[in-house]
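Note sheet for the following structure.
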Amino acid sequence: MKKAFFIFILSLIITTLVFTIYYFKMHNDLCLPETMLLELFKNSGAKFVNSEMNFQAKLNKECQNEEYLNRLMEDLTNSLGLDKNFESDLDIVENDFMQKLEINGETEYKEIVNICIELIKGQGENLAQNKYTEGIVNLSITETESCPYSRLQDIRKHVEAVFTRYKIKPEVNCTIIGCFEGKLDNKGMNEVCKNVFSTVEARKVGGFAEKNLINVSAYSPAIGSFIEVNGNRTNIHINFRYSSYEKKTFVWIGIPVIIK
């Protein structure tokens, strides 16, 4: 009897531990911005047009040397599986004010990739000593209609692994663009916003309209990243724009901001 009771308690503890680990793993996955963005877009009801993920970070002074930067560019290129000859396809532009290293390519999934590093040269004594005062790395990936936009999660994982190895902490923005046939009226746009915001219990914090563009911003504590606008936290932005030429209403959904 005691043995059976012990086995029952042990089984209960193991089941609870497994469930707890699974729950926290799922919870953490859902809190990733790109995971959230996919859910928001699905609930918007829009047809997918394209998506973009952007990484931007400042480089420390110790990172601003040619060998280091070439290695970083090559590792980022390889992490995305670009079919490029790194040495011949790397574009280098230099003048009295800056040096820019840039490479463009396409992944096997037809995603368009741009990797750019800019080094700002100092003036006066720094210029004479060929010293840089600032360095910025920018990486953007654009997915089109022929791409599986659910790859946003895999892209982030591969790119951040490289940045982590180089002790670089980038800011990450994700945007998905979709469309609706015809022109959405105010009621239709309000319904889209309601469906998107209710997914993560977001509250509206602002908005504006100018010419043919309507913008709505909101904040959800379920999304870790945010920016502050006029003292308010915001991490979801929705833009609507009607194209009279295509007779479609386009919608941009971005976390924490829309990539322009």
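The values are calculated or read from the model by the stated rules, or taken from the named source; none is laboratory data. Just so you know, these numbers come straight off a predicted model, no measurement behind them. Quick reminder, even Gly has a Cβ in these numbers, built from the backbone with ideal geometry, and neighbours come from all protein chains shown. Heads up: the accessible areas ignore ligands, DNA and RNA and are worked out on the full protein's heavy atoms, side chains in. Shrake-Rupley method; radii C 1.70, N 1.55, O 1.52, S 1.80 Å.
Here are some notes:
- Viscosity 0.692 mPa s, temperature 37 °C, Stokes-Einstein D of region 162-250 from Kirkwood C-alpha radius, µm²/s: 221
- Out-of-range pairs (alpha-carbon distance over 28 Å; input K47/K211; K157/K248; K58/K248; K42/K183; K100/K157; K100/K204): K157/K248; K58/K248; K100/K204
- Karplus-based coupling profile of region 201-209, in residue order and whole Hz: 6, 8, 10, 5, 10, x, x, 7, 9, with θ = phi - 60° in 6.51 cos²θ - 1.76 cosθ + 1.60 and x standing for Gly or Pro.
- Taking all protein chains together and rolling a 1.4 Å probe, F226 ends up with roughly 80 Å² accessible.
- Net charge, C193 excluded, C-beta distance under 12 Å - Lys, Arg +1, Asp, Glu -1: +3
- Additional length obtainable on full extension of the chain from L213 to V93, 0.36 nm per residue less Cα span: 39.6 nm
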